[in-house]
1. So which residues in region A:391-401 are at the interface with another protein chain (Cβ under 10 Å from one of its Cβ atoms) and assigned to a helix (DSSP H, G or I)?
2. Within region B:766-778, is even one residue out of contact with any helix residue (DSSP H, G or I) (no Cβ under 6 Å at 6 or more places or on another chain) and closer than 21 Å to residue B:623 by Cβ?
3. Pick from B:746, B:756: which is under 23 Å from residue B:1019 (Cα atoms) and buried (at least 24 other Cβ atoms within 10 Å of the Cβ)?
4. Picking from A:377, A:323, which residue would you name as being farther than 17 Å from residue A:246 by Cβ and touching a residue at least 60 places away in the same chain (Cβ under 8 Å)?
5. Among the listed residues B:105, B:31, identify the single one that is part of a helix (DSSP H, G or I) and either farther than 30 Å from residue A:340 by Cα or without any contact (Cβ under 8 Å) to a residue 40 or more places away in the chain (or both).
6. Restrict the check to region A:186-201 and report whether at least one residue is away from chain B (no Cβ under 14 Å), closer than 17 Å to residue A:317 by Cβ, touching a helix residue (DSSP H, G or I) at 6+ places or on another chain (Cβ under 7 Å) and part of a helix (DSSP H, G or I).
7. Could you tell me which residue of region B:553-567 is modelled with the highest pLDDT, considering only residues that are over 18 Å from residue B:968 (Cβ atoms) and surrounded by fewer than 17 Cβ atoms within 10 Å (Cβ to Cβ)?
8. Does at least one position in region A:456-475 carry a residue that is part of a loop (DSSP other than H, G, I, E, B), away from every other protein chain (no Cβ under 12 Å), at pLDDT below 80 and within 15 Å of residue A:373 (Cβ to Cβ)?
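The values are calculated or read from the model by the stated rules, or taken from the named source; none is laboratory data. What you see is a predicted model; the values in this text were computed from it and never measured. Please note: Cβ atoms are built from the backbone with ideal geometry, for glycine as well, and neighbour counts cover all protein chains shown.
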């Protein structure tokens, strides 16, 4: 299938938030929210439009300034990009709506709330723009640029809370992320030096052998692992995610970490030849497995809800890295594992965002997020607890969520490959997730001890409650609708291309 | 039609959509919520009916949606699926009504009903799932949707129960998921295809397949509560009653059991599973669970916990059925899915009713509760008896097929499991019934709601009665199309292609005649009378009707053509009724006795307020006794035998005093023991014969390898009823305890049922069984003498008569023994036995009735003399005075026994006259005890008493003319004349002389000091033994806890937990530093470099 030319919606999904971000910064206080919502609408529409085009006509390319790829910079959208774009658009839009209320006028009378609101929108819109750029980039340097921009915006958002711990977490995050970026950049430099191109597609065609490839892979992998907070590089994530304002945590956990994972996934399968990757495929898998276990154990011990959710992210990210090993055996299992990885990433994005938003709502109403005292608020926030319930089901990987479907595919692939230990880890992870999430869920069925103790003021704004529920339910629906999603992912996927090539001559 | 593809999905949605809508409703919208619930339930039933009809006609309903490549969401309505769907659909409907009433006014009802509907959706999904993926999906969904129901009360206890429940079921689900995906990685489609694709795998996969099987069963076993994975179930009892009912009867445990059926039959295929040697271990596992659950249930005082452990035990019958490699056992296992559901939901509804209405949670609080809530306890009784496997409740059908299947597969140990379980079931259910029905209330109830016109609210009572009625009718009418049994047969026959033998099939069905209607009327009339007695409205009329309910039977006995046959193919396992020569003789004295005892009872109990209760039991017992005489197949015989045995408990304990209750207890234990022996014997005999019918396959039975076991079990089973030594212990307690008319039928008619059982079940005239014959002869003789000797020492007239019955049955056992010894002589022996039975029945009945009449004849008037003569006559007859039927029957018996080998003949020449001496002594003792005391004023009795006694007296005098000509014993007059021989006279004279001298000695105050043998003689020894066994059991079970053998868990666990916590914390701190990250990054870099270089 020919890649049709120049789709303006591609650039629109990147430009719109960027422009809105600048405008919000310039125009200040009140306009931010409005601009944010407009940008969300545009991004959502653009993502839908791009997906539609890809669905109809196959992968789309947009050469910036009409300069063709090798020297010029190109944006490219295939099934995977579209899925990620949709994820960012969907989660981003819902979180934006949540933020309207969270940072709105009726927010707790915090001195810093105004400055938080002023800074939140420009930073978030920049982050969004960077994220979309990352998903659409067709060359590895561009990816670096987007990644760096993403990091900087994310660090800014973490620091937004302004407390001492938040600043410390942000700084830690910054240092870790920069180290990761640098390693990645080194890898990019190696590749460019060896093959003289940055375009992923051309690199994929040309870089078939050579001493630079393994080294580049290592650097890229390590850098991106650090940025994705894979065990044991997760040290920066829980404080950063746990101390940021709730919408920020949601964005970081749902979207930002997926950015670096996306790069690794794309390069691993699109760029590096199989004979190079399969040598070290077990490294991310072992670390992933360790992450699942360790993250879950930490989540079991967490005393605050947001820390629990953050550690849960550490655990859940572990699953994503199993894919590299699962796909190492080629054939149908590889395809299934790859699909499972993407599906899992999407499911996690929805569920985790929902969980963080719900945690934010609880914090908003109770003034704290101590797990021990959760029963006190459970009667006030039935919808929120319902959302937590549904999101938990998704995180546990139980049906009918997309995470269940993904786990099913992972398990089938693992067992077909004979990697029983991976299957055991996947199962164990589900049980551990159930164990730590049970601590939260049980609150909904426990009689409140001291309902007077909660800090706030009536009920939470309805928007806060229902946005979380929307995200949670969409992770449920995604499971039922995974068939079309898998079809979308097939467009331009590494598993599609060989047949295209075979068909071309 | 395109709609067909959506009907399974729509069935699912009928509960899923209400669930979602209910979540969205505000708490107060009760009306809307109820409407939603009921509309969903009704709609679901409509869809189910449609699919049932379609599936029956081999129409295919299938909803299929691809989820990811190679994995489909597949709902398919096959026969097995429909079985489970129908069960859950119907019970959901009933439980919803119940739940609405139960939760009236409690908080969080939206949450409850939302999850309740969700739970049903999950169950329906499990049922309809067409592949493992869909199955696992709904299986997990079920876990999630039931958790909120378990913790609904929100107490600490329920939260703990919920935690344990989740831990168990999620872990089980995880194991299942693992196994399912493993299987899918081997067999890409993993659809339920009767094992075609799995069996197609190469031999190199067999190891993996075995492991997968074990994992699948373990995963499912958590929900199916296989020991030791059952721990969650008793704890989950804290949930509200409707939840327990649904959880236990349908949803959770059944989902597990259903899954096991699916795995064995649809994933692996039974043949392949058998080839992999997986079925026997599963059967053993299930058996262990069955026994363990029952034993644990014994020791629970909390009613719901007892029921929970009973569930643990009962659900495993399903697994046992599919694991035993026989088609019939599969039918038994599969049909138990529904049967257990019906019975258990009834029991839980009842427990809920008791808790909700009276605040009763414990069995020790249930004293006399049946007086306050008779309908609830009636339903409970149905459920409990069904669990024990008493026909006609559905449990019998399951157990019957399980047993038959086990025999087919030559897995005889399964019979032991079944028998043990039945005994244990009786041991933990019967005391509950006893406490509730036959003990007096202890005072005020714990919680007394304002009394309404009925015992509790309609919403609670109606569902209970509905399920109880279903449990009875589905068993009684098991042959009706679309009954659970027929559907299970269809599944096994059609889907799995395994031919199930139709045991009840009779070639050439009988034509319907007037006599056929009479046969049916014989059984229906008493049942109608029973139902009339349930209301107070037409009490007097109902009592009269009840007393005459045996009239059709009498008409049938005297006017019915021998050979009349009625086939009722839709009753039980195809019921065949009819009348042959044996049956007719039995029917003559049985029907006469019941009719006259009924009339007598009407007069005898004229002032008893409990008369309706007495008549209810009386009539049920009558149905049983008449029915077993009319039965032409073993299942019907067993049914009526059980009805008779269990109902007569009510007659024995009628007076309610301590003696009667003790007699009832002893009786009940022996009855249960006998029923179990009979059940096993009957299943063995059926499989050996290849038919349930008495007149089919006798030759096969005679040559069967299991013949010895069959005869042995019948010897014990019927020996209890007939009162053979040492199984007679109940008789001298029970017969005197019952009211006089009841004693008459007990001693005259019911006791002969044991004899009839032998005549029907044993292969007479076909094969010589010298070993068993000797046993019958020796035991018979011993019983005859023992009864006489112990009986003479008694000082209660009724006890004397009871011992006389024992003694007489011993003599009858001699006839049976002779028949077994000399098959060729059976045509001679059979009439002798029949005449003896007739004689004994009528005379013994008459003697019992005369006990009530005797106190009227104190005066010296001619009328009183006539009455005295009427008392003496049957006693003389029984003793064998010449010119009476007694002498005729003795001669006949003696003649029959002459076919025996020489050494026996010699023995009988001496012993039989001595036995007659014994009988005459017993009769003398009886007359002495019952003789009207002229010092006393005459008692008045009603004319009903007198008339019925006189009628029976006349018929016993004229008994010789009652023997049907077809019996072939000769002309009455010549028979009577032939009895005037010296052989018949001298034993009587001797007996009379001994009696006279004893009487004279008594008059002279030189009393002989008889050792006082308590009634029930050997019982003393038994009770001592059982007491010490009890003590041992208690010691074994209770002591470990008391001695502290179970380790104090807490401190040690806490210690390790703290250590672990510390370790994790230290690791975390270590991980949380830059140096560490740098080191790790460096190490990784180097490792990876090395790795890539190495490659």
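1. Hits for region A:391-401 are A:392, A:393, A:396.
2. For region B:766-778, residues out of contact with any helix residue (DSSP H, G or I) (no Cβ under 6 Å at 6 or more places or on another chain) and closer than 21 Å to residue B:623 by Cβ: absent.
3. That would be B:746, the only listed residue that is under 23 Å from residue B:1019 (Cα atoms) and buried (at least 24 other Cβ atoms within 10 Å of the Cβ).
4. Just a single option satisfies the conditions, and that option is A:323.
5. Just a single option satisfies the conditions, and that option is B:31.
6. Taking every residue of region A:186-201 in turn, none turns out to be away from chain B (no Cβ under 14 Å), closer than 17 Å to residue A:317 by Cβ, touching a helix residue (DSSP H, G or I) at 6+ places or on another chain (Cβ under 7 Å) and part of a helix (DSSP H, G or I).
7. That would be B:555.
8. There is at least one residue in region A:456-475 that is part of a loop (DSSP other than H, G, I, E, B), away from every other protein chain (no Cβ under 12 Å), at pLDDT below 80 and within 15 Å of residue A:373 (Cβ to Cβ).
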